[in-house]
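Participant: Mind looking over this structure? Questions follow.
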Amino acid sequence: MKSYALVVRDEAQDETEAIRDWYEEKSAGLGERFVLALEATFKRIRINPFYQVRKSDYRYARIEGFPHYRIVYAVDQETITVYQVTHTSREPHPQFGP
């Protein structure tokens, strides 16, 4: 089974850390639970990255256990580039669609 390389852009890494910190502030251990769910989603999309296309070449994957968060990424040859990890209620970035 093919596995794609995964590159997380700095902006997405910053968003992830902010989300983790927010959850950890709400309840001890919840931030770590978010990170584990995020990593599981990364693993899932590395194996099968071809989820529904929403805008242009960008794809979305929901984070299991945190359904209001999504990963916005693109697939290019052998590499998956993660552009955003964001809450779905936030105003969508014009580049990545709704």
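The values are calculated or read from the model by the stated rules, or taken from the named source; none is laboratory data. Predicted, not measured: the structure shown is a model, and the values here were computed from it. Cβ atoms come from the backbone with ideal geometry, glycine included; neighbour counts cover every protein chain shown.
Participant: So, in the range 5-42, exactly how many residues are surrounded by fewer than 18 Cβ atoms within 10 Å (Cβ to Cβ) and not in a helix (DSSP H, G or I)?
Facilitator: So the answer is 7.
Participant: So, one more: Could you check the range 1-55 and list, in sequence order, the residues that are more than 22 Å from Ser89 (Cβ to Cβ), free of Cβ contacts under 8 Å to residues at least 60 places away in the same chain and of a type in the set (Gly, Ala, Ser)?
Facilitator: Scanning the range 1-55 gives Ser3, Ala28, Gly29, Ala40.
Participant: Filter the range 46-78 down to the residues that are among the hydroxyl-bearing types (Ser, Thr, Tyr) and out of contact with any Gly (no Cβ under 8 Å at 6 or more places or on another chain), then identify the one that is farthest from Ser3 (Cα to Cα). Don't jump to the end; show me each part of the working.
Facilitator: Step one: list which residues in the range 46-78 are among the hydroxyl-bearing types (Ser, Thr, Tyr), which gives 51, 56, 58, 60, 69, 73.
With the extra rule that they be out of contact with any Gly (no Cβ under 8 Å at 6 or more places or on another chain), the set shrinks to 51, 60, 69, 73.
Values: Tyr51: 15, Tyr60: 18, Tyr69: 23, Tyr73: 15 Å.
The qualifying residue farthest from Ser3 (Cα to Cα) is Tyr69.
Participant: Out of all the residues in the range 43-65, which are of a type outside the set (Lys, Arg) and buried (at least 18 other Cβ atoms within 10 Å of the Cβ)?
Facilitator: Within the range 43-65, Ile45, Pro49, Tyr58, Tyr60, Ala61, Ile63 meet the criteria.
Participant: Run down Tyr23, Tyr58, Tyr51 and say which single residue is at pLDDT 95 or above and among the aromatic types (Phe, Trp, Tyr).
Facilitator: Step by step, each of Tyr23, Tyr58, Tyr51 is checked, and only Tyr23 is at pLDDT 95 or above and among the aromatic types (Phe, Trp, Tyr).
Participant: Exactly one of these conditions fails for Gly97: (1) of a type in the set (Gly, Ala, Ser); (2) modelled with pLDDT of 90 or more; (3) part of a loop (DSSP other than H, G, I, E, B). Give me its number.
Facilitator: Gly97 satisfies all of (1) of a type in the set (Gly, Ala, Ser); (2) modelled with pLDDT of 90 or more; (3) part of a loop (DSSP other than H, G, I, E, B) except (2).
Participant: Would a scan of the range 66-83 turn up a residue that is at pLDDT below 95, touching a His at 6+ places or on another chain (Cβ under 9 Å) and among the aliphatic types (A, V, I, L, M)?
Facilitator: yes
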